[in-house]
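Data first, discussion second: the structure below is written as structure tokens.
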Ligand SMILES: O=C(O)CCC(=O)C(=O)O
């Protein structure tokens, strides 16, 4: 499949189902390197434990100010093609990047729509197109993302007890989620397997990031292709 038809396939899935999975976006040494670096970046916070109580969760926001390791992914031609079709080409920006880790024993968070971050839920077009690049395998046991296919077309408020599918995927694959799709992270039922992911999102250009994706000083030093989707 060439790049254009490849993008068309993923755009169709985002439009029809509200999500798509792109396999093997990060492979081999790059994937190993990203996993090895995670321990330097992750900070602890208190997360909800399965069955009540808390666990020591781990995450890191503001990744654009911390590492240049993923710059080529934010501007990957296939991702920009999909984002350009979901929004309009040139009419979206990168809304920031983070590492998420669903740690062993961590419970699911609430089912939600990402568009809510911008105070918009279920507008005619999404405010956001979220992505999760799996750094570990996403499985039923490790907390693969729960998705409610087609819910990006619904106007009713998000329900917590709706049926969902699990976005199981191999490390290195990337999940794209329409901003209005109902979703949540799964429970990590394992005793010792982390479920780490690089998360970054594209947003409609007219919306404001809160907080900004990166400070001005960092933006000035970014490669031109990346600067153009962080600025303005
Ligand atoms: O980590 C996950 O599986 C879901 C992430 C999520 O809910 C989000 O980024 O809004």
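Just to confirm my numbers, what's the Cα centroid distance between the range 164-232 and the range 12-35 in Å?
12
Tell me, 82, 230, 218 in order of fewest to most beta-carbon neighbours within 10 Å?
218, 230, 82
So for each of 68-74, 43-49 I average, over its residues, the number of other beta carbons within 10 Å; can you give me the resulting order with the highest mean first?
68-74, 43-49
Order 208-214, 89-95 from most to least packed using the mean count of other Cβ atoms within 10 Å.
The most tightly packed comes first, giving 89-95, 208-214.
Sort 195-207, 11-23 by the packing proxy (mean of other Cβ within 10 Å over each peptide's residues), most packed first.
Output ranking for 195-207, 11-23: 195-207, 11-23.
Would you kindly state how much longer the chain becomes between residue 29 and residue 76 on full extension, computed as 0.36 nm times their sequence separation minus their alpha carbon distance, in nm to one decimal?
15.1 nm
Please give the contour-minus-distance gain from residue 189 to residue 160: 0.36 nm per residue of separation, less the Cα-Cα distance, rounded to one decimal in nm.
8.5 nm
Taking the number of other C-beta atoms within 10 Å as the exposure measure, put 146, 162 in order starting with the fewest.
So the ranking, lowest neighbour count to highest, is 162, 146.
By count of other Cβ within 10 Å, fewest leading, how are 176, 98, 169 ordered?
98, 169, 176
The numbers here are math on the coordinates, done by the rules we state, and not lab data. What you are looking at is a predicted structure, and each value in this text was computed from that prediction instead of being measured. Counting neighbours? That spans all protein chains shown, and the Cβs are built from the backbone with ideal geometry, glycine included.
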